[in-house]
Amino acid sequence: MTFYSYQSNRLEVLADRLADLLSQPLRSPLAREVVVTPSSGLARWLALRLAGRLGVCANLEVQLPASFLWTMARAVLRYLPPTSRFDRPVLGWRLMALLRDLEDTPCFAPVRAYLGDGRDGFRRYQLAGRIADCFDQYLVYRPDWIQRWEAGQEDHWQAELWRRLARGDEAHRVRVQARFQARLASGDVDRRRLPERISVIGVSALPPLDVELIAALARSVDVHLFVLNPCQEYWGDIQAERDLAWLGEEIDPDEAYLTVGHPLLASLGKQGRDFIDLLNAWPRVEWDGFVEPEGDDLLQHLQADILHLRERGDDGDDGRSLAPPLPLRPNDRSLQIHACHGPMREVEVLHDQLLALFAAHPELRPADVIVMAPDITRYGPLIEAVFASVPRERRIPFSIADRGAPAEEPLVEGFFALLELGGGRFAVGPVLSLLELPAVRRRFGLDEADSEQIRRWVRDAGIRWGLDAAAKTQWAVPATAEHTWRAGLDRLRLGYALPGRGRDLYAGILPHDEVEGDAAQALGALQSVIEALVTLDAELQEPRPPLAWVERLHAALDQFFAPREREENEIQRIRTALETWRTHAELAEFAEPVALEVVKSAVREALNAAEGAAGRFLSGGVTCCALTPMRSIPFAVVALLGMNDDAYPRPHRPVDFDRMATRFRRGD
């Protein structure tokens, strides 16, 4: 069994090399090829590339690195569960239970100071999530800390919390990796339970322990690692200029063989530098496929300088020998920077520039363009407004990914809007917005015309907010029935039964005369909607255990939504997220009643983690998405929006108790 590595500065070259590898059949014709990629977006691009090269792309098992290594550990150790109780979502619920019963000791004084009297369950939920994030990082990047804590060598509150979590022989990542490596080193492995070969492609950085495990797997199976490396020279010792300035007082850069090499590579390529340098510690069969950039534009020169580790500029007093600067040609448009006065103008300029590119390069397709933004939730609506509102002859097909489930799927947004009504003011706007959803109208027997009629009734009957007079008292206003749903519905129902002529009162109620004939069915449906919302509101305000919440929210989906065809996928996403939350809570053995605020956050987190919007990536038009790591997909045109000083680099403020924030290590 062998560890192979392939390096190139072009992902297309690596994908073609992978296609050559996959064209060599496995021993079993039914065996699945195992391919590890860092994101679903790259997996989609790879599938399209392989299908174009091989004619078909099928029977591929694509996994993310963490889930792949857990699957391999389960195959070797045999006793591991499908989901670890130390996975980040499960760990959060376990910590939430532990934080509830912390004793009043000096060790836990910082935690208790934040939690206060402990009655705020949402604050405890948030703190548990932050601590779980830190512990999850420690398991990946600080296994030595975990081992010291379990040996009782430190007595701060994080170490004590971890010891309570890890009591007994529970299999967390550090313990599993140690046993996994020991089993692989001894050769006591049933190779029939492992894939025949493993291909890892597009991963620009991996934790050191993950690299160690992949190298250990190469003792039992063939491992093919395809590494995107922008530089063909050794660049493990390059440092950004500001880092050299910090080191200058203690370390002489010349004596330590430290250099800038290329300023962009040194400042923006730190993770890739550490990852590629880490690979040099492992014996492997190497293949290089570096490609010289073609062309004489500024962009090609920049790529070539990075490839050959050249630094350009006038030779300075520091003695560095620099390549001469390049003259900038007026017609060179390969690298452009546009300064705009606002976000909307940015998108308008982008649209104009893309139209000019398509006109100048007829072979360029919309699918060859990617638009990335640090904050895609802010720019997504602007992109829709500009790209979708132009005349047909200037329209560019596009899709927007990474905005999160509520922004991309109306029924998911409607579901959360339904939960937001719980304990709220029941303002007219949110309630009527629910009736704009076709699935809700179908459930209550309404059509679009009925929805417009109801909107007029509500306006004319003076309904503004509040269920009834008693409900207003919780907002510290007089308990008057005017402008509430109860008063408005009384007027509408009485208007159907009796004429009021705008002046005659019956039991103190002025009938609204416009309800007559078949309109009574729409009025009855509105009454049913409000009654269902009142019942749901009462139940949402009552804390209950996660299992009971899941059952009630499943019932709410059936009660308020009647999906059809494509809408069924959105409802299924919600149901899957609910079941995921139920599974996590059961694994954590968490049965404490929680409030609605915790429920909304937990379900939203489960929805976002599912990556259900991956289908919008590479959908045939211009791809608009977030500027995220691990997305080194090649496009002919790359456009960046919103690269403002307060948005990129993103401000990162770690929590005060994150012990990694002040103890940086190479490879983090």
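How high is the relative contact order of segment 11-91, given as a whole-number percent (alpha carbon pairs under 8 Å, six or more residues apart)?
The normalised contact order for segment 11-91 reaches 28 percent.
Can you compute the equivalent ellipsoid semi-axes for segment 572-668, i.e. the square root of 5 times each eigenvalue of the Cα gyration tensor, sorted largest first and rounded to whole Å?
32, 24, 13
Which of the peptides 370-382, 426-438 is most tightly packed, and how do the rest follow, judged by the mean count of other Cβ atoms within 10 Å per residue?
The packing order, highest mean first, is 370-382, 426-438.
Which order do the peptides 208-214, 554-560 come out in when sorted by mean C-beta neighbours inside 10 angstrom, highest first?
Ranked by mean Cβ neighbours within 10 Å, highest first: 208-214, 554-560.
Which residues does the label zone of Val637 cover in segment 373-389, counting backbone N under 18 Å from a point 7 Å along Cα→Cβ?
Answer for segment 373-389: 373, 383-389.
Multiplying the sequence separation of Leu60 and Leu299 by 0.36 nm and subtracting their Cα-Cα distance, what value in nm do you get?
Contour length minus Cα-Cα distance gives 82.5 nm.
Would you list the P(r) distribution for segment 95-200, with all Cα-Cα distances sorted into 5 Å bins from 0 and each bin expressed as a whole %?
Going out from 0 Å in 5 Å bins, segment 95-200 shows 2, 10, 18, 18, 16, 11, 8, 6, 5, 4, 2, 0 percent.
If you roll a 1.4 angstrom probe over the protein chains with everything in place, what fraction of the accessible area of segment 110-186 belongs to carbon and sulfur, to the nearest %?
43 percent
Report, to the nearest whole %, how much of the accessible area of segment 513-582 belongs to carbon and sulfur atoms, 1.4 Å probe, protein only.
Roughly 47 percent of what the probe reaches on segment 513-582 is carbon or sulfur.
Helix 121-141: angle to the longest alpha-carbon principal axis of the chain, degrees 0 to 90, nearest 10?
Between helix and principal axis, roughly 20 degrees.
Counting DSSP beta bridges with both partners in the chain, what percentage is antiparallel, nearest 5?
Beta bridges within the chain, antiparallel portion: roughly 5 percent.
How tilted is helix 448-460 with respect to the longest principal axis of the chain? Cα atoms for both, answer in degrees (0 to 90, nearest 10).
Between the helix axis and the principal axis of the chain, the angle is about 60 degrees.
When N counts the residues of segment 1-76, how does its alpha-carbon radius of gyration compare numerically with 2.2 N^0.38 Å, as a ratio?
With N residues counted in segment 1-76, Rg over 2.2 N^0.38 Å equals 1.14.
Put a dot 7 Å past each Cα toward the Cβ at Asp190 and Asp104; how far apart are the dots in nm?
5.5 nm
D for the chain, whole µm²/s, Stokes-Einstein with Kirkwood Rh over alpha-carbon pairs at 20 °C and 1.002 mPa s: what number?
Rounded, D is 73 µm²/s.
Divide by every residue of the chain the summed helix terms, -39500 (n - 2.57) for each DSSP H run of at least 4, and state the resulting mean residue ellipticity at 222 nm, rounded to the nearest 500 deg cm²/dmol.
After summing the helix terms and dividing by the residues of the chain, the value is -14500 deg cm²/dmol.
Would you kindly calculate the translational diffusion coefficient of segment 448-589, applying Stokes-Einstein with the Kirkwood radius from alpha carbon pairs, for 20 °C and a viscosity of 1.002 mPa s, and quote it in µm² s⁻¹ without decimals?
120 µm²/s
Please sort by residue number the trypsin sites (Lys or Arg not before Pro) in segment 63-142 whose DSSP state is loop and whose Cβ has at most 11 other Cβ atoms within 10 Å.
Arg78, Arg119
Helix 65-77 sits at what angle to the longest principal axis of the chain, using alpha carbons and giving 0 to 90 degrees rounded to 10?
Helix 65-77 and the main axis of the chain meet at about 80 degrees.
So with the 1.4 Å probe, I'd like the accessible area per residue for segment 537-668, rounded to whole Å².
53 Å²
What trypsin sites (Lys or Arg not before Pro) in segment 2-52 are in a loop by DSSP, with at most 14 other Cβ atoms within 10 Å of the Cβ?
Arg27, Arg32
The values are calculated or read from the model by the stated rules, or taken from the named source; none is laboratory data. Keep in mind it's a predicted model, so treat the numbers as computed, not measured. Please note: Cβ atoms are built from the backbone with ideal geometry, for glycine as well, and neighbour counts cover all protein chains shown. Just so you know, the surface numbers come from the protein's heavy atoms only, side chains and all, with ligands and any DNA or RNA stripped out. Shrake-Rupley method; radii C 1.70, N 1.55, O 1.52, S 1.80 Å.
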